[in-house]
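To keep things clear, I will list the structure first and then write my remarks on it.
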Amino acid sequence: MTSTAPEQTSGAAAAPGADVPVLRDFGGGPFGIYIHVPFCATRCGYCDFNTYTAGELGSSSSPQSWFEALRGELATAAREFDGLPSATPAVETIFVGGGTPSLLGGDGLAGVLDAIRDNFTLAPGAEVTTESNPESTSPEFFDRLRTAGYNRVSLGMQSAAQHVLKILDRTHTPGRAVAAAREARAAGIEHVNLDLIYGTPGETDGDLDASLDAVLSAGVDHVSAYSLIVEDGTALARRVRRGELPAPDDDVLAARYERIDTRLAAAGLEWYEVSNWAASDAARCSHNLGYWDGGDWLGAGPGAHSHVGGVRWWNVKHPARYADRVTTGALPAAGWESLTADERYTERVMLTVRLRTGLPLADLDADGRAAAEGVIADGLAERVNDHLILTDRGRLLADGVVRTLLG
């Protein structure tokens, strides 16, 4: 499951290269650490994440230089946090994403976790997750993760149909993701997630059913399913623009979502966020819940975003420039912003309404509460224990519900 911090919402941000201001303090919620691994073996046609292949980087950066810079950033952040009024909270969640973290191998990912432990205190029972590409995993890889302290793995499956994987430029074979999930479970990894992408041009209902059959046969306790988004600047966007592939159809996407939800619910996986299903409360991704619930997090690595007490900053993107910035002893920020009360309100509504637990109506202003009554009347949400909770139809129109609540 891809872990991504919410993007900046304000145009009033500092210029690139500006130092992060003196931080106010932690916000009092959960504290997590996100590590961005920018390396990929190949570039997927739909991906617009901050990732690089070896050919794109040349000699300017390597996993080793990235790791040394990461250690430096973690040490710098720990010193910055020591200057805040309250003590740095224990780290409740860690998420290593990318990119393809599994390219680091089991020893490399163990080293990442050791670097965090060298600078921060982990809470007892902390959730420790890494993303992995099925093709760069093995039983030995998962054994090493477990002994290092990882207790959650998110595997990029996307589809069980070979022709769908080809359109997405995914390099793994259709059955490898399920095999990797079983290997992770056999190694004792407590929670295993499989990612799906639906609505790819050329995907049929039968293709989706085959993907769901495969997911359920793997026995995982978490599934993420995202509709295909054609991002500007990607190879997929260029193919759609040239007419080689049709753009995803909204009605098809809605029907596919309903199909996914029905199958997963029947198998005992319940939605807890619009795009995420879990077999139990313990199987939910606590790290992403920290984003959605307004927690604090440090994002380390090229292009990673951080948020502490209403101050957000984002790192320089290119691994070589990131490493150079770390050597100055400052946080490698490209820019920062201090969120206003209005911006915090917007993010609270935008993120929390997507959760099964819903948005407390008391968190809405007068206009928002009036809009909520209209949303309820339209059958897009229900009032449950003074929370606004999306209905099945409301989940299909979640973005529209947000726009209505924000006026």
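The values are calculated or read from the model by the stated rules, or taken from the named source; none is laboratory data. Please read these numbers as outputs of a predicted model, since none were measured by experiment. For neighbour counting, all protein chains shown are included, and Cβ atoms are generated from backbone atoms with ideal geometry for every residue, glycine included. Protein only, heavy atoms only, side chains kept; ligands, DNA and RNA dropped before computing areas. Shrake-Rupley method; radii C 1.70, N 1.55, O 1.52, S 1.80 Å.
HN-Hα J couplings of segment 292-303 from phi, Karplus 6.51/-1.76/1.60, θ = phi - 60°, integer Hz, Gly and Pro as x?
Using θ = phi - 60°, the values come out as 5, 9, x, x, 9, 7, 9, x, 10, x, x, x Hz.
Å³ per residue of the Cα convex hull, for segment 152-193?
For segment 152-193, the hull spanned by Cα atoms encloses 53 Å³ per residue.
What cysteines in the chain have no other cysteine with a beta carbon less than 4.7 Å from their beta carbon?
Cys40, Cys285
Let me understand segment 171-222 better: what is its radius of gyration from the alpha carbons, and its Dmax, in angstrom?
Values for segment 171-222 (Cα only, Rg and Dmax): 11.8, 37 Å.
Please report the accessible area of Thr121 (heavy atoms, 1.4 Å probe, ligands and nucleic acids excluded) in Å², nearest 10.
Around 100 Å² of this residue is reachable by solvent.
Report the extension gain between Asp205 and Arg79 in nm, rounded to one decimal, defined as 0.36 nm multiplied by the number of residues separating them, less their alpha carbon distance.
Contour length minus the Cα-Cα distance gives 40.1 nm.
Roughly how many percent of the accessible protein surface of the chain is carbon and sulfur, given a 1.4 Å probe and a whole-percent answer?
Carbon-and-sulfur percentage of accessible area, whole number: 50.
Quick one: which residues, 5 or more positions from Ala123 or on another chain, have an amide H under 5 Å from its amide H? H modelled 1.01 Å from N in the peptide plane, none for Pro or chain starts.
Val91, Glu92
Counting only heavy atoms of the protein chains, get the accessible area per residue of segment 133-278 (1.4 Å probe) and round it to a whole Å² value.
Numbers: 5840 Å² over 146 residues.
Accessible area per residue: 40 Å².
Between Thr391 and Ala235, what is the label-to-label distance in nm when each label sits 7 Å out along the Cα-to-Cβ direction?
4.3 nm
Mind jotting down a quarter of the surface of the convex hull over the alpha carbons of segment 38-155, in square nanometres, one decimal?
8.3 nm²
Collect residues whose amide H, placed 1.01 Å from N in the peptide plane, falls under 5 Å from the amide H of Val96; neighbours closer than 5 in sequence don't count.
Distant-sequence amide H within range of Val96: Ile35, Thr129, Thr130, Glu131.
Can you give the FRET efficiency to the nearest 0.05 for Asn151 and Thr328, using r as the Cβ-Cβ distance and R₀ = 41 Å?
0.70
For segment 203-242, list residues with backbone N below 17 Å from a point placed 7 Å from the Cα of Ala267 toward its Cβ?
Residues passing the 17 Å test: 205-227.
What's the Kirkwood radius of the chain in Å, using all Cα pairs?
Taking the inverse mean of 1/r over all distinct Cα pairs, the chain comes out at 22.0 Å.
Looking at the square roots a ≥ b ≥ c of the eigenvalues of the Cα gyration tensor of segment 218-282, which shape do they give, rounded for a/c under 1.5, prolate if a/b is larger than b/c, or oblate?
Numbers: a/c = 3.36, a/b = 2.35, b/c = 1.43.
The shape class here is prolate.
Where does the Debye-calculated log10 I(q)/I(0) of segment 129-210 sit at q = 0.18, 0.23 Å⁻¹, using only Cα point scatterers of equal weight, no solvent?
Taken in order of the listed q values, log10 I(q)/I(0) reads -0.70, -0.98.
Give me the one-decimal nm value for the distance between modelled label points at Asp281 and Glu140, 7 Å along each residue's Cα-to-Cβ direction.
With each label placed 7 Å out from Cα toward Cβ, I get 4.1 nm.
In the calculated pair distance distribution of segment 314-380, what percentage of Cα-Cα distances lie above 19 Å?
Within segment 314-380, distances greater than 19 Å cover 54 percent of Cα pairs.
Let's test the formula: R0 of 22 Å, r as the Cβ-Cβ distance of Ala247 and Thr171. What FRET efficiency results, to the nearest 0.05? Kindly include the intermediate steps, with their values, before the conclusion.
Working: r = 24 Å, r/R0 = 1.10.
E between Ala247 and Thr171, to the nearest 0.05, is 0.35.
Could you give each residue of segment 49-58 its phi-based ³J(HN,Hα) in whole Hz, using Karplus coefficients 6.51, -1.76, 1.60 with θ = phi - 60°, and x for Gly or Pro?
6, 7, 10, 9, 8, 4, x, 6, 7, x
With +1 on the Cβ of every Lys and Arg and -1 on the Cβ of every Asp and Glu, and nothing else charged, how large is the dipole of segment 311-407 about its Cα centre, in debye rounded to the nearest 20?
Dipole of segment 311-407, to the nearest 20 debye: 480 debye.
Calculate the FRET efficiency for Arg369 and Asp107 from the Cβ-Cβ distance with a Förster distance of 41 Å, rounded to the nearest 0.05.
After rounding to 0.05, the efficiency reads 0.15.
Projected area of segment 281-407, taken from the Cα convex hull and averaged over every viewing direction, in nm²? Before the final figure, lay out the partial values.
Working: hull surface 38.4 nm².
Computed as one quarter of the Cα hull surface, the answer is 9.6 nm².
Starting from the Cα of Glu258, step 7 Å along the direction of its Cβ; do the same at Asp378; then give the gap between the two resulting points in nm.
Those two pseudo-labels are separated by 1.8 nm.
Using helices alone, what [θ] at 222 nm do you get for the chain, with -39,500 (n - 2.57) per DSSP H run of 4 or more residues, divided over all residues and rounded to the nearest 500? Before the final figure, lay out each step's value.
On the way: 15 runs with 156 residues, N = 407.
Rounded to the nearest 500, the figure is -11500 deg cm²/dmol.
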